[in-house]
1. Please indicate, with yes or no, whether at least one residue in the range 45-59 is assigned to a helix (DSSP H, G or I) and either more than 17 Å from Asp11 (Cα to Cα) or touching a Gly at 6+ places or on another chain (Cβ under 9 Å) (or both).
2. Can you work out which of the residues in the range 14-44 that are exposed (fewer than 13 other Cβ atoms within 10 Å of the Cβ) and in a loop (DSSP other than H, G, I, E, B) is nearest to the chain's Cα centre (by Cα)?
3. Would you confirm whether any residue within the range 2-13 is among the acidic types (Asp, Glu), crowded, with 16+ Cβ neighbours inside 10 Å and part of a helix (DSSP H, G or I)?
4. Report every pair of residues separated by at least 6 positions or lying on different chains whose Cβ atoms are under 9 Å apart, first residue within the range 17-35 and at pLDDT 95 or above, second acidic (Asp, Glu).
Amino acid sequence: MATPSEEQNIDRAIAQLCTQFPQVPPTRIAAVVSEIRAQYDDRPIREFVPLFVERKARRRLHALAASHN
């Protein structure tokens with residue numbers, strides 16, 4: 001189960017990704033983050049989930065942004 005600090009870190013990651021990828025709609029960024037985060041739903045240790053989610057989302061968004069250029 002996600003903790004309040006995990007939620008805050010995920011929200012912060014989405015904001016940073018929106019700044020880093022202005023060409024990608026914020027709703028798409030949030031969807032990518034949500035999809036990746038769901039992969040960690042059954043993990044009992046939550047401390048690094050936001051970090052892993054942000055890293056995977058950044059890689060996916062790089063590929064998405066490159067395909068639009």
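The values are calculated or read from the model by the stated rules, or taken from the named source; none is laboratory data. Given the structure is predicted, the values throughout are model-derived calculations rather than measurements. All Cβ positions, even for glycine, are placed from backbone atoms using ideal geometry, and neighbour counts span all protein chains on display.
1. Checked against the condition, which is being assigned to a helix (DSSP H, G or I) and either more than 17 Å from Asp11 (Cα to Cα) or touching a Gly at 6+ places or on another chain (Cβ under 9 Å) (or both), the range 45-59 yields at least one hit.
2. So, considering only residues that are exposed (fewer than 13 other Cβ atoms within 10 Å of the Cβ) and in a loop (DSSP other than H, G, I, E, B), the one nearest to the chain's Cα centre (by Cα) is Gln39.
3. yes
4. Short answer, once both residue conditions are applied: Leu17/Glu54; Val33/Glu54.
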